[in-house]
Amino acid sequence: MNFPLDKILALFVATSLVCNAATKALGQDTLPADSTSSTREAFVGAERLSAAFRQTAADLRPSVVTIASMVNRQPVRLPPGLRRLMTPEQWEQFERQQQDDNESVAPAQAGVGSGIIVSADGFILTNNHVIDDADVLEVELHDGRVYDAEIIGRDAKSDVAVLKIEAQKIVPAKLGDSSQMQVGDWVVAVGSPFGLSQTVTAGIISATNRNTGIIADRGGYEDFLQTDAAINPGNSGGPLVNLRGEVIGINTAINSGSGTNAGVGFAIPANLASRVMQDLRENGRVIRGFLGASLGQIDRDNAEKFQLPDNLRRGVVITEVGDTLPAQKAGLKPGDVVIGVGQRQVRSLDELRSIIALTRPGVTLPFKLVRDGQTLRREVTLTDRSNQNMRLLTGEIELEDLGVVLRPLSKMQIGQLNIEGVKQVYLVDALERDGDAVTELQLRPGDALLELNGQPIRSEEQLKRELNQRDVELTVIRGTRIIRLPGRFR
């Protein structure tokens, strides 16, 4: 159990007074004269700290909002034959969602999160997962006013989203420099845990530059601040601030077996969130750095093979470099082991991926390498992670690079579509909202791919080959309609 500092000090003072009285009663010497002044100084320090927390909370709360994500629940009537394409689990889920089959149902609240107003004209920072799958977003201010929010942009790979409300007399928070935060610094979190709006908790920075796999395991990029300030479901998207009232992080995730606070919370650094917001507002997408090299993980099992120094057992090996790309230009070679970038030690593949992707193109990074047992340093100037540069590295774009997961239908399932002459159909199982499959091809989950550039799709290899052409046209089944989707990759 955590006790507030002022209560601990009060208990200390009370105990001291009792002990002092007991000492006098026993006729023993009293405590040193400076003990009272020391206690008084401790009280003054505690009161100042308490005042700092009070002021920080008071300054911040008008800028913190509660975000309710709403979904429109309406009965869905399946197209003929689609029932047979569904797995038993999918059908069971469908039936549960269709209890009111003959009438529309009012929008239902799907979840509650938090956000922070960052401009006087109504821009709000939050997490992408807070608004995921929402049909309507309602933003409640600290004074009870409620507004519908517009999604300006979202980035699943960093879990950042930008909203906007049309509201007057709002109070934007100030964004601080998250790179200045150090382990041990006091921080305050404000949000709506379990729907309890304007909840304030406090703690310290427990670690910086954390890479946990929470987002990275889904192809994202991480560079978290870790804190022991209480973060619970509903805090996501809310601010983590220093005692100057500056936002230095966006609370995002917790590490807990129970799903509630266990003293291990993670926040996206404000510098990163601010950069993502700027890209989304100006470009509609996030522009990321690109090394131009294929990478592999080194761990304790294979470290000796790469002649790493005795004190190192982890790193990232370069397995391939692309012609004319940054890695090759900087003199990196296959077999080189990256053990550091700038002042940071590199231990994992996800960590290096995040460092590169979260750095702007054009920035030069100092790489520390091991080559044949010798430590080297190379300066690498990153380019942008575009499909054109991906082609230079791999020769082709993989489907996962487009942010799409496809599932081939069986011959029986294809026959149930009642379309003559079709031998192969791929069903869109999953999509990344900011992937090219959405932004360039306008695909949606559930689309069935029939043709690409007017030709039947016979294999995934053919599909990938055609997608690597700049101009493509997909023919898909969407619901009961057959539609054509033109696309052009950058």
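The values are calculated or read from the model by the stated rules, or taken from the named source; none is laboratory data. Keep in mind the model is a prediction, meaning the values are calculated, not measured. Glycine also receives a Cβ, built like all others from the backbone with ideal geometry; neighbour counts cover every protein chain displayed.
Under 6 Å between Cβ atoms, which residue pairs at least 6 apart in sequence (or on different chains) link something in segment 50-75 that is closer than 18 Å to ILE124 by Cα with a partner that is part of a helix (DSSP H, G or I) and at pLDDT 90 or above?
Pairs found: ILE67/VAL130; SER69/ILE131.
May I ask you to say which residue of ILE214, ILE231 is within 13 Å of the chain's Cα centre (by Cα), over 17 Å from ILE131 (Cβ atoms), in contact (Cβ under 8 Å) with a residue 12 or more places away in the chain and not in a strand (DSSP E or B)?
ILE214
Can you find, within segment 249-287, the residue that is farthest from PRO193 (Cα to Cα) among those that are surrounded by fewer than 21 Cβ atoms within 10 Å (Cβ to Cβ) and in contact with a helix residue (DSSP H, G or I) (Cβ under 6 Å, 6 or more places away or on another chain)?
So, considering only residues that are surrounded by fewer than 21 Cβ atoms within 10 Å (Cβ to Cβ) and in contact with a helix residue (DSSP H, G or I) (Cβ under 6 Å, 6 or more places away or on another chain), the one farthest from PRO193 (Cα to Cα) is ILE287.
Could you check segment 439-456 and list, in sequence order, the residues that are of a type in the set (D, E, K, R), modelled with pLDDT under 75 and crowded, with 17+ Cβ neighbours inside 10 Å?
GLU440
Here is a list of conditions, (1) surrounded by 19 or more Cβ atoms within 10 Å (Cβ to Cβ); (2) part of a loop (DSSP other than H, G, I, E, B), and SER354 meets all of them except one; can you say which number that is?
Going through (1) surrounded by 19 or more Cβ atoms within 10 Å (Cβ to Cβ); (2) part of a loop (DSSP other than H, G, I, E, B) one by one, SER354 breaks only (2).
Among the residues of segment 442-463 satisfying the criterion of being in a loop (DSSP other than H, G, I, E, B) and not small (Gly, Ala, Ser), which is farthest from GLN424 (Cα to Cα)?
Among residues in segment 442-463 that are in a loop (DSSP other than H, G, I, E, B) and not small (Gly, Ala, Ser), the one farthest from GLN424 (Cα to Cα) is GLN442.
Tell me, which residue of segment 278-310 that is under 23 Å from the mean Cα position of the chain (by Cα) and among the hydrophobic types (A, V, I, L, M, F, W, C) is nearest to GLN328 (Cα to Cα)?
That would be LEU291.
Go through segment 149-163 residue by residue and tally those that are within 15 Å of ASP121 (Cβ to Cβ) and either in contact (Cβ under 8 Å) with a residue 24 or more places away in the chain or not assigned by TED's automatic domain parsing to the domain that holds LEU280 (or both).
4
I'd like to know if segment 271-281 contains one or more residues that are over 15 Å from ASP159 (Cα atoms) and either out of contact with any strand residue (DSSP E or B) (no Cβ under 7 Å at 6 or more places or on another chain) or among the hydroxyl-bearing types (Ser, Thr, Tyr) (or both). Lay out the reasoning, then the answer.
Applying the first criterion (over 15 Å from ASP159 (Cα atoms)) to segment 271-281 yields 281.
Within this subset, residues satisfying the condition of being either out of contact with any strand residue (DSSP E or B) (no Cβ under 7 Å at 6 or more places or on another chain) or among the hydroxyl-bearing types (Ser, Thr, Tyr) (or both) are none.
The answer is no; no qualifying residue exists.
Here is a yes/no grid of residues against (1) under 30 Å from ILE250 (Cβ atoms); (2) assigned to a helix (DSSP H, G or I); (3) outside the structural domain of GLN226 (by TED's automatic domain parsing); (4) of a type in the set (A, V, I, L, M):
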position: LEU272; (1), (2), (3), (4): yes, yes, no, yes
position: ARG281; (1), (2), (3), (4): yes, yes, no, no
position: GLN297; (1), (2), (3), (4): yes, no, yes, no
position: VAL317; (1), (2), (3), (4): no, no, yes, yes
position: VAL338; (1), (2), (3), (4): yes, no, yes, yes
position: ARG347; (1), (2), (3), (4): yes, no, yes, no
position: ASP350; (1), (2), (3), (4): yes, yes, yes, no
